[in-house]
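Structure first, commentary second.
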Amino acid sequence: MTSLSMPLHDLTVAELAAGLKAKTFSATEVARHFLTRAQDDMSATAQAQGADKTFGTGSFLALNPEATLAQAKAADTRLAAGTGGALEGVPLGHKDIFVTQAFPTTAGSKMLEGYRSPFDATVVRKLAEAGMVTVGKLNCDEFAMGSANENSAYGAVKNPWDATRVPGGSSGGSASAIAARLVPAATGTDTGGSIRQPASFCGITGIKPTYGRASRYGMIAYASSLDQAGPMARTAEDCALLLSAMCGPDPDRDSTSVDVPAEDFTASLNGSIDGLRVGIPKEFFGEGLHADVRAAVDVALAELKKLGAKLVPISLPRTELSIPVYYIIAPAEASSNLSRFDGVKFGHRAKDFTDLESMYKKSRAEGFGAEVKRRIMTGTYVLSHGYYDAYYLQAQKIRRMIADDFQNAFKDCDVIAGPVAPSVAWKLGENAHDPVADYLADIFTLPASLAGLPGMSVPAGFAMPSMQGSGSGSAKPLPVGLQLIGNYFKEAQLLNVAHRLQQATDFHLRKPEGV
């Protein structure tokens, strides 16, 4: 391997892209390095080795070394010819909610075990066109339903900062793999916080763009009016590079794709934030927010003030209503989207059935996990005759009011800042018998999702889990994320604020022990 001052896995996306263009190392060399790390992690996961330095995170569900190395070889050819894309030869992982030709796609469910798509999702295709090399598919909560990545049919993902704790969800495999330096970047999806919350729990950066910015074509649907793809990486600069490649209209394949041209989100990364008005919603800092998480967020906000930003008190009065509204709308859409998984054309089919109806029932009972069944039943209930007006229609009206709250707030501020979650990562299995506890952890991320606004998580420090009242009193500090929310199509502004914060702090540079 080429002699470097630091290992390849410690380089950021931007550093890898620069090194590849300078021919400091080859795409094939980089791909082999990350494949080895991913294979070792999968082996450790399969062998159920202990914690500390040898534990497997459970991040990867599928590898295809032959396909990965073929992509890397093609990238090397383009690099040699000087025709490479902006991210030529840089490796990444894809959340297993995006369909891929070269890798199986399961959505973390037994229902799709072994499924092979005949096409690539638009996001996958666009990143490949930018030159990126796919290392493999990453674990996630089943059909993206969860806040801890414990709902996957293929096992829970572990947090690299503490193997006894969750990485967040549903994009927990993506966040864990980046934090463990198994890949420098990954795709994620965010329906109610599934990029931001795991990014916070694992100490990385992630951004959910404005709804419709990135095509949903080939992204297995959970809740169609909420689902949005976004990038996850270690730095805001890396996320800007990835988001620039991911976004753009896709009118022929995704009717919800907005007609806004792709833009270079790196162009304004070093802009001044002097005089920037940062809204601080009082509802994000009330009862339920753990004191040490608030302390970390306050430190990050103080850094923004040092950079010239002005903290402005604002109110988002319907914040608490976001949980019941989300858990009516999202399950309703899920019950409709998941009706296609019936054991007929593709997916799991029960073997022991007597007629078509019993095949439907047994296939769905065997193929779906407990949380997916819970949400399908909830969604079917709120859409049923006599309840549609009382629940679903009312939830949609309040959703509109939540969006209006944000627009009123943006009259007084440019961006909104606060915590991503009320606490740090909790213990694996801690909420296994209390799904509502997982739902409540999304209180600060759900409002922006319901409004379709861009939001991101930026590393903001660490908190001691022993102060959370969540188990054994571990002495390991765990990451805390600062949430930034912008107005529609203001991703560049959010990324600039995050980048300037990362220039002033080193939280994003820290990594788990032994990685």
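The values are calculated or read from the model by the stated rules, or taken from the named source; none is laboratory data. Bear in mind that the values here come from a model prediction, so they are computed numbers and not experimental data. Ideal geometry is used to build each Cβ from the backbone, glycine not excepted, and the neighbour counts take in all protein chains shown.
Summary of values
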quantity	calculated
Which numbered condition Thr380 fails, given (1) surrounded by 15 or more Cβ atoms within 10 Å (Cβ to Cβ); (2) polar (S, T, N, Q); (3) closer than 23 Å to Tyr211 by Cβ	(3)
Residues that are surrounded by fewer than 18 Cβ atoms within 10 Å (Cβ to Cβ) and out of contact with any Asp or Glu (no Cβ under 7 Å at 6 or more places or on another chain), drawn from the stretch 75-102	Thr77, Ala80, Ala81, Gly82, Thr83, Ala86
Number of the exception - Phe98 against (1) of a type in the set (Phe, Trp, Tyr); (2) more than 25 Å from Ala27 (Cβ to Cβ); (3) under 19 Å from the mean Cα position of the chain (by Cα)	(2)
Among the residues listed as Ala75, Ala22, Ala46, the single one being touching a residue at least 40 places away in the same chain (Cβ under 8 Å) and of a type in the set (A, V, I, L, M)	Ala75
Every residue from the stretch 343-367 that is closer than 18 Å to Ser117 by Cβ and under 28 Å from the mean Cα position of the chain (by Cα)	Phe346, Gly347, His348, Gly367
Members of the stretch 182-193 that are out of contact with any Pro (no Cβ under 8 Å at 6 or more places or on another chain) and either closer than 23 Å to Ala128 by Cβ or among the aromatic types (Phe, Trp, Tyr) (or both)	Leu182, Thr189, Asp190
Filtered residue count, the stretch 303-331, keeping only those that are under 16 Å from Ser272 (Cα atoms) and either in a helix (DSSP H, G or I) or not charged (D, E, K, R) (or both)	8
Inter-residue pairs, beta-carbon under 8 Å, first within 22 Å of Asp227 (Cα to Cα) and in the stretch 332-349, second of a type outside the set (Val, Ile, Thr) and loosely packed, with under 14 Cβ neighbours inside 10 Å, 6+ apart	Ser335/Met377
Top-ranked residue in the stretch 299-328 [being of a type in the set (Gly, Ala, Ser) and in contact with a Gly (Cβ under 7 Å, 6 or more places away or on another chain); ranked as nearest to Ile398 (Cα to Cα)]	Ala300
Odd one out for Ile329, checked against (1) touching a helix residue (DSSP H, G or I) at 6+ places or on another chain (Cβ under 7 Å); (2) surrounded by fewer than 15 Cβ atoms within 10 Å (Cβ to Cβ)	(2)
Output for the stretch 223-280, where each listed residue is of a type in the set (A, V, I, L, M), out of contact with any His (no Cβ under 9 Å at 6 or more places or on another chain) and assigned to a loop (DSSP other than H, G, I, E, B)	Ala223, Leu226, Val258, Val260, Ala262, Ala267, Ile273, Leu276
Test result for Val293, surrounded by 20 or more Cβ atoms within 10 Å (Cβ to Cβ), among the aliphatic types (A, V, I, L, M) and outside any helix (DSSP H, G or I)	no
Residue ID - surrounded by the fewest Cβ atoms within 10 Å (Cβ to Cβ), chosen from residues in the stretch 404-430 that are closer than 30 Å to Asn151 by Cα and small (Gly, Ala, Ser)	Gly429
Qualifying position, being more than 27 Å from the chain's Cα centre (by Cα) and among the aliphatic types (A, V, I, L, M), among Val293, Val299, Val312	Val312
Residue satisfying all of: in the stretch 8-49; more than 25 Å from the chain's Cα centre (by Cα) and at pLDDT below 95; surrounded by the most Cβ atoms within 10 Å (Cβ to Cβ) among these	Gln49
Cβ pairs under 7 Å, 6+ apart, first in the stretch 256-271 and more than 12 Å from Glu491 (Cβ to Cβ), second not in a loop (DSSP other than H, G, I, E, B)	Gly271/Asn496
Residues located in the stretch 478-515, provided they are in a loop (DSSP other than H, G, I, E, B) and either at pLDDT 95 or above or in contact with a Cys (Cβ under 6 Å, 6 or more places away or on another chain) (or both)	Asn487, Tyr488, Phe489, Lys490, Thr505, Asp506, Arg510, Lys511, Pro512
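Residue-by-condition table, conditions (1) buried (at least 24 other Cβ atoms within 10 Å of the Cβ); (2) hydroxyl-bearing (Ser, Thr, Tyr); (3) without any contact (Cβ under 8 Å) to a residue 40 or more places away in the chain:
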{"position": "Ala144", "(1), (2), (3)": "yes, no, no"}
{"position": "Pro167", "(1), (2), (3)": "yes, no, no"}
{"position": "Thr191", "(1), (2), (3)": "yes, yes, no"}
{"position": "Thr205", "(1), (2), (3)": "yes, yes, no"}
{"position": "Tyr217", "(1), (2), (3)": "no, yes, no"}
